[in-house]
Amino acid sequence: RARYEVVRELGAEEVRWFYREERKSWKPFIGYDSLRLERAFRALAPAAPPVEPVCVRSGLYEVDVASGECYPVYWNQSEKIPVMRGQWFIDGTWQPLEEEESNLIEQEHLNRFKGQQLQESFDMEVSKPVDGKEAIHSLKLSRNHVDWHSVDEVYLYSDATTSKIARTVTQKLGFSKASSSGTRLHRGYVEEATLEDKPPQTSHIVFVVHGIGQKMDQGRIIKNTAMMRDTARKIEEKYFSNLATHVEFLPVEWRSKLTLDGDTVDSITPDKVRGLRDMLNSSAMDIMYYTSPLYRDELVKGLQQELNRLYSLFCSRNPEFEEKGGKVSIVSHSLGCVITYDIMTGWNPVRLYEQLLQKEEEELEDSWMSYEEQRLLEELYITKQRLREIEERLHELKASTVSKTPVLKFKVENFFCMGSPLAVFLALRGIRPGNSGSQDHILPKTICNRLLNIFHPTDPVAYRLEPLILKHYSNISPVQIHWYNTANPLPYEHMKPSFLNPTKEATSVTDSESASTVPSPTTSPVLVRRHYGESITNIGKASILGAASIGKGLGGMLLSRFGRSSAAPAQASEPGKDGAEGDDKKATTVGTPPLPHSSSGFLDPTVELEHRIDFELREGLVESRYWSAVTSHTAYWSSLDIALFLLTFMYKHDQEDPDKSNLDTI
């Protein structure tokens, strides 16, 4: 970079500001942030009005220059993030010297050398030894001292006893004082700060919603979202660097503000194995709260209000976001998927109860009854009608009621479920597969453009959604999520459905098609995952038992899922049993035509899903299935494969070629 010919005060572009998180090394702010921080710092004066906080790190944080602290804008954080103004830097690492020492060295440097000529052949990158040169100036600090061998050659020495011994030994062996024990210092950062070095504009925000267990570790969702954000940044740099916009991830922490039962549950908890009980109270208890009619509304409102608060705050700080058609997606984990779904659709158990009553009324009308029964039924019907009218009038008078349908202030573009039990909840609410391949069967597109269900093969809490739309998808493999480093992967919308249990259509799959299912060094054979072939609508089976046992603790759920996995080989050996006998026994489910197929081994396109919904992470051969069942439910946050998957769908419209826009998606 261009250097001044004479020594003068450092320019704002030569100073670099840093921040430090979790006691790690100092990280430099980008040029755009650093310049604005330095300008705010230089505006500080005893009589001057207080300086406004400076927005940094893509607007996620603010810095109070006066106190030297950085804090998040959209969430609360107990750990403080210190910031530092760097003037003098250590050679090689370019880590800043502590501010107090740096100020003293800078003051001494200006007092001694201000106005003096700099060497013309100054090279910032090469540390030149100063053998035989005596110091022309020196400064004593508390634990160190600084020697100037020339205007440009400045070295820091430690005055610790061990360093003195090392210096004496190395000097006797013929090494110079500076090169043996000194650390070379540089004045001004290696790279000048410019306002052009700024983050791209946010075109898409992603709200990251946590599941159970947040009470146990309140900062967990913030750390998980940070992991997902950092992983997405790496993927953006690698695959989407040509785009001028970026995707921002914001954590949604809805649990800690809720009072729920206060400490009633804690007071009735026995003392034996208290640690385990407390863990269950802080995690599995959230599921109990959500199924309780008393506390369900509080959980729903807690998440709804936090989503709306974050969106309003983001738009107030980024007014151009809505103007330029910014999009919003939601990534939910575990129970968070169910609550988010209920908020978007306005589902309410009261409505389900009303539907059941209406069904009973219809059944009564169809059945034979005496004149007296008929008269009483008519009176009951008129009374209920009158009651509904009074309730509606009362509802109009009240601004808000408990059963009011929650509303979000934004349209959801993509709803990504991770490790989600949503399918079980929907099945237990009576949703059965239909004859249409539309997502509207479970989530209308008017509410959310695209629903995507991501899961690890051994996640015991995750269930498939596709068989709730079309029953025969229980025997079609979930779409395999590409590895992030796959060269030229086939776009997801062009991937054809393939059978989970190839033994049914063994003769119809060609060599080229079967090549796609050949296990790679880190994937499992398709047959091993046969247990996904079970239909989620078979209520009596282990998939539903797994959810029903949640109330007995997470252990029951894990065991029921493992039981399901261990039964896989037996089911694979009798492929017709599950499809024929099991479905015949369940007379209440909506019937679908027999599984159609063509000679190619794929389903007839007329009964395919409009869009695939279930996406499965690839399972490694090296990992223990039982161990990964314990860890897989929380393994989504730092996965590069998932980061690429999310960004692929969120950048979809930005990357589409106009010539390809008329391609029919599967």
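Read-outs throughout are calculated quantities, based only on the coordinates presented, and are distinct from any laboratory measurement. Just so we're clear, the structure is a prediction, and the values are computed from it rather than from any experiment. Here the Cβ positions follow ideal geometry from the backbone for every residue, glycine too, while neighbour counts run over all protein chains shown.
What does the highest-first list of 480-490, 42-52, 334-344 look like by mean Cβ count within 10 Å? Display every interim value, and only then the final one.
Values: 480-490: 13.6, 42-52: 9.5, 334-344: 25.3.
Ranking, from highest mean packing down: 334-344, 480-490, 42-52.
For K359 paired with E9, estimate the spin-label separation in nm (one decimal), with each label point 7 Å from Cα along the Cα-to-Cβ line.
The answer from the label model is 7.8 nm.
Can you tell me which of 186-194, 373-381, 447-455 comes out highest on packing, and rank the rest after it, using the mean Cβ neighbours within 10 Å?
Order by mean packing, descending: 447-455, 186-194, 373-381.
Could you check the spin-label model distance between D64 and T245? Points 7 Å from the Cα along Cα→Cβ, value in nm.
The answer from the label model is 3.5 nm.
All other residues with a Cβ under 9 Å from the Cβ of F455 taken together, and with Lys, Arg as +1 and Asp, Glu as -1, what is their net charge?
Spelling it out: positives minus negatives among the neighbours equals -2.
Among the listed pairs K80/K257; K198/K223; K411/K496, give every one whose C-alpha distance is greater than 27 Å.
The pairs that break the limit, which is 27 Å between Cα atoms, are K411/K496.
Name the residues whose placed amide hydrogens come within less than 5 Å of the amide hydrogen of F249, ignoring near sequence neighbours (fewer than 5 apart) on the same chain.
Amide H neighbours of F249, under 5 Å, 5+ apart: V206.
Give me P(r) over region 17-108, computed from all C-alpha to C-alpha distances, binned every 5 Å, as integer percentages.
Reading upward from the zero bin: 2, 13, 23, 25, 20, 12, 4, 1, 0.
Suppose each label sits 7 Å from its Cα in the direction of the beta carbon; what would the S292-T264 distance come out to in nanometres?
Distance between the two pseudo-spin positions: 0.6 nm.
Grab the Cα-Cα distance for Q116 and T194, subtract it from 0.36 nm times how many residues apart they are, and report the gain in nm with one decimal.
That works out to 25.4 nm of additional length.
For region 261-327, take every pair of Cα atoms, bin their distances at 5 Å starting from 0, and report each bin as a whole percent.
Final binned percentages: 3, 13, 16, 15, 11, 10, 9, 9, 6, 4, 2, 0.
Here are some pairs, K27/K409; K238/K301; K301/K327; K409/K652; K301/K384; which of them have Cα atoms lying more than 31 Å apart in this structure? Walk me through the intermediate numbers first.
Numbers: K27/K409 36 Å; K238/K301 39 Å; K301/K327 23 Å; K409/K652 23 Å; K301/K384 29 Å.
Beyond 31 Å: K27/K409; K238/K301.
Order 66-75, 263-272 from most to least packed using the mean count of other Cβ atoms within 10 Å. Please report the intermediate quantities before stating the final value.
Values: 66-75: 16.5, 263-272: 9.5.
My ranking of the peptides, most packed first, is 66-75, 263-272.
According to the square roots a ≥ b ≥ c of the eigenvalues of the Cα gyration tensor, what is the shape class of region 288-356, taking rounded for a/c under 1.5, prolate for a/b larger than b/c otherwise, and oblate for the remainder?
Verdict is prolate for region 288-356.
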